[in-house]
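To start, I am sharing the structure in question, which I have written as structure tokens.
None of the figures in this text is laboratory data; all of them are computed from the coordinates on show. Everything quoted here is computed from the prediction, not taken from an experiment. No Cβ is skipped: glycine too gets one built from the backbone with ideal geometry, and neighbour counts run over all protein chains shown.
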Amino acid sequence: MAVPGDPPNGTPDGTGGGDDEFRPDEFRSDDYRSVVFDEDFVRAARLQEYSAQERMGEHARAVRSRSIWSSGSAPGTSTPGRGARQGMLLVLLIATAFAVAVYLGLRNPYVPPPGGPAQALTSTVVPLAPAAAVPGGLPPELFAKSPAADYRVGAAGITLPAVRRTHHFTDVQVVTALSIAKDYLVQSSMDPDVLAGSATRPVRVLLDPDQLAQFDRSMTSPSGDGRHAVTGWLVRFDPATAVMADSRVRVSGTLAFEEVAQDVLEVTTDHTFVYAVRPATGAPSAADGASLFTVRRELRMRFDRDDLSARRLELASAYVMAGPQDCSADPAGGFRPLLAGAGPTTVGPAASDPYASGQPRRSAGLCGVLAAPATPGTPVSPAP
């Protein structure tokens, strides 16, 4: 078989195979006939020969090494070839991806997933029996002679603490939680319709959806089982016993916040609310028959990020002391104040039957004594 370079009629007889006869076997040209040194092979070489003009310079070298960036350069130009351009493009893409990742990490920090379902409210309501006869009079006079003389009126009495960010919640989120807590205190402790027992929606709309079933059951079937007392959720007066004699509620207390988990912010409130009430059956003009009723509410509220976005809360616990009341009265469905002129009671709490079926009254046996009114400015701490 003829190969390129052979005479058309083959090698003449008696003529040697050229230089192949004098080469060692491993360097015979037959072994390299399949190797083609095309243009791409030459351009990919690690060494490149200088042109004749470049070799004319003093101390010029015959060849130069080619870097990966100059591989495949067009002859006589410094323009990078295809391989160099691909390498530079790859580095550029990697740098761009890294910059985008850093930017997105700074702009969109990791947000922990929201917490689980809200827990059920646990509440304790303690009636405070009077130690002396309940004083009566006009509301302004009663307030002026009570420890609530310096209390602020309405929402102004609920002040927010200094705000700072926590480890996982921003200062804006903390302010949002505190403002929701304040709204809940205002709606559940001062709304006239809520106090009279004619409305619950102002309170309900601020609760986590997981607690709505418990709240609704508490409103329709109140019980002193520690979970379904109306007075654990809000302040309500038994409409058959007492009504408001003055719509201006005196308030004093504190709010505090704490991050209890990376996705849960907790706000605790401790406020004393003082109401002027009168008998439900008396004439409205008989204002001199008003008396004061005091409610101390210690609430613990929890917020996850969904709650903050929807402006709602999870009411985790409530500890309530209220008086003057009769110890035998069950305050689960609403407060029944002892009104002006009522004397101290010696009747103890309602009896509890440990053999009875159903849910026992968990607050049974809990009753305190309401301290006697002190002069204005003197703090009163009811003893449970």
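Work out from phi, with θ = phi - 60° and the Karplus expression 6.51 cos²θ - 1.76 cosθ + 1.60, the ³J(HN,Hα) of each residue of region 177-193, listed in order in whole Hz, and give x for Gly and Pro.
4, 5, 5, 5, 4, 5, 4, 5, 5, 5, 5, 8, 10, 10, 4, x, 5
Explain nothing, just compute: Karplus ³J(HN,Hα) = 6.51 cos²θ - 1.76 cosθ + 1.60, θ = phi - 60°, for every residue of region 234-246 in order, whole Hz, x for Gly and Pro.
7, 9, 9, 9, 4, x, 7, 10, 8, 9, 6, 9, 8
Also: Can you work out the Karplus-derived ³J(HN,Hα) for every residue in region 252-263? Use 6.51 cos²θ - 1.76 cosθ + 1.60 with θ = phi - 60°, whole Hz, and x for glycine or proline.
7, x, 9, 10, 9, 9, 7, 8, 9, 7, 5, 10
Hey, can you rank 165-176, 146-157 by average C-beta count inside 10 Å, highest first?
Numbers: 165-176: 14.5, 146-157: 16.8.
The packing order, highest mean first, is 146-157, 165-176.
Tell me which residues come under 5 Å, amide H to amide H, from VAL243 once H is placed; ignore anything under 5 positions away on its chain.
HN-HN under 5 Å from VAL243: ARG278, ALA280.
Under 5 Å between amide hydrogens, which residues at least 5 positions from LEU338 or on another chain qualify, with H placed 1.01 Å from N in the peptide plane?
So LEU338 has HN proximity to GLN325, ASP326.
Return the long-range amide H neighbours of VAL369 (sequence gap of 5 or more, or a different chain), with a cut-off of under 5 Å between placed amide H atoms.
Under 5 Å from the amide H of VAL369: ALA129, ALA383.
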